[in-house]
1. Please report, as a whole percent, how much of the solvent-accessible surface of the stretch 50-137 comes from carbon and sulfur atoms (probe radius 1.4 Å).
2. Once amide H atoms are built 1.01 Å from N in the peptide plane, which residues 5 or more positions from Glu104, or in another chain, come under 5 Å H to H?
3. Under 5 Å between amide hydrogens, which residues at least 5 positions from Phe134 or on another chain qualify, with H placed 1.01 Å from N in the peptide plane?
4. Sketch the reach of a paramagnetic label on Trp45 as a point 7 Å from Cα along Cα-to-Cβ, and name the residues of the stretch 86-118 whose backbone nitrogen lies under 17 Å away.
5. List the pairs from Lys160/Lys259; Lys8/Lys69; Lys140/Lys246; Lys88/Lys123 whose alpha-carbon separation is above 22 Å, in the order I gave them.
6. Packing-wise, with mean Cβ within 10 Å as the measure, how do 180-187, 79-86, 255-262, 130-137 rank, highest first?
7. Around Asn126, with a cut-off of 12 angstrom between Cβ atoms, what is the net charge of the other residues, counting Lys and Arg +1 and Asp and Glu -1?
8. So between Lys102 and Ser25, what do we pick up on full extension, going 0.36 nm a residue minus the alpha carbon distance?
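The values are calculated or read from the model by the stated rules, or taken from the named source; none is laboratory data. None of these values were measured; they are calculated from a predicted model. Cβ atoms come from the backbone with ideal geometry, glycine included; neighbour counts cover every protein chain shown. For accessibility, only protein heavy atoms count, side chains too; no ligands or nucleic acids. Shrake-Rupley method; radii C 1.70, N 1.55, O 1.52, S 1.80 Å.
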Amino acid sequence: AREMLNMKYYMLPRFSASDLSPSGSIMTSRGCPYACKFCSSSSFWERKIRFFSAERVVEEIELLYYKYKYRSIYIYDDIFSFNKVRLKQIVSLLRDKQLLGKIEFNVLGRVNCFDDETARLLKEMNTKSITFGFETGSQKMLEYLKGNGITVEQAVNAIKVCKKYGLVVSGFFMTGSPFETANDMELTYEFIKNNDIDTFIVYQTVPFPGTVIWDYALENKIYPRDFYEKETKEFIDVELDYLLSKDISKEDFIYEMKKINSLHKKKSESPYKKLLKIRPKHIRAMMSKEFLRKFNNLKGGLIKRLKP
């Protein structure tokens, strides 16, 4: 029900879009068939996944394109390409509507559900980037976090397939999980360093209620049971009091985190390149009340994060 919102606020230029065009997000499915130890999705949806029809998805894309002038759409399904038949239908319908190539998409994926055909369909759909939950470069930790049937080798192959089709690869990583050692973190560092990942984010593992890792955190008295019932400070970088692994010292954890994060300078594109894409229409938008209000909110958030 977007008509109930002040959509001018959400139609402003986005620096996250490749051409600074307005962008938004949609979800076309709910749930995930997997049961990762850190993810609460299975607690909500019982490992079931439900899909909007291809027709319903394209209808919403049409609305965002024509009514709200979106030229970039983030699809936040856990695994957008899981249903390959539906993906083919979406591509076909976008072609019929003459929308192929007019909107860029960014999606989430899973390395053991990704192959050449999926990459080709995403590229045809005009997908710019795909983000994988790589989580770790350690096979031992990968099996602990995600179970059997998923490997570091699959992650390496997924990156290669993406590059074959010109897709930007982004990755999420988690550190400090139960049983993780300094050597495991070193393997994550080597994985990021040696593979063609364009951007990545590394987080300290934080347990969600209803997950295996949450139960572990309670049993080992690392987190209080009422952690989410009271106001807590935001995790900025590392929070040593809540380190879940007993198999790494706090000193080694900080050292490895800094080492992994040092790769950002090599992997990340300079933000100044985006400034070269600014046009008069962007400047006009930045002078609007909505943009100034948005900037003020962001500024307040930055000040909050910088406070000691």
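1. Working: 1740 of 3680 Å².
Within the stretch 50-137, the accessible surface is 47 percent carbon and sulfur.
2. Hits under the 5 Å cutoff: Ser72, Ile73.
3. So Phe134 has HN proximity to Phe172.
4. Residues 86-87, 107-114 qualify, since their backbone N sits under 17 Å from the label point.
5. Details: Lys160/Lys259 24 Å; Lys8/Lys69 11 Å; Lys140/Lys246 16 Å; Lys88/Lys123 12 Å.
Where the Cα-Cα span goes over 22 Å, the pairs concerned are Lys160/Lys259.
6. Values: 180-187: 20.2, 79-86: 18.8, 255-262: 16.0, 130-137: 23.8.
My ranking of the peptides, most packed first, is 130-137, 180-187, 79-86, 255-262.
7. Numbers: positive: Arg71, Arg95, Lys102, Lys123, Lys128; negative: Glu104, Glu124.
Surrounding charge for Asn126 is +3.
8. Working: separation 77, 0.36 × 77 = 27.72 nm, distance 1.59 nm.
Result: 26.1 nm gained on full extension.
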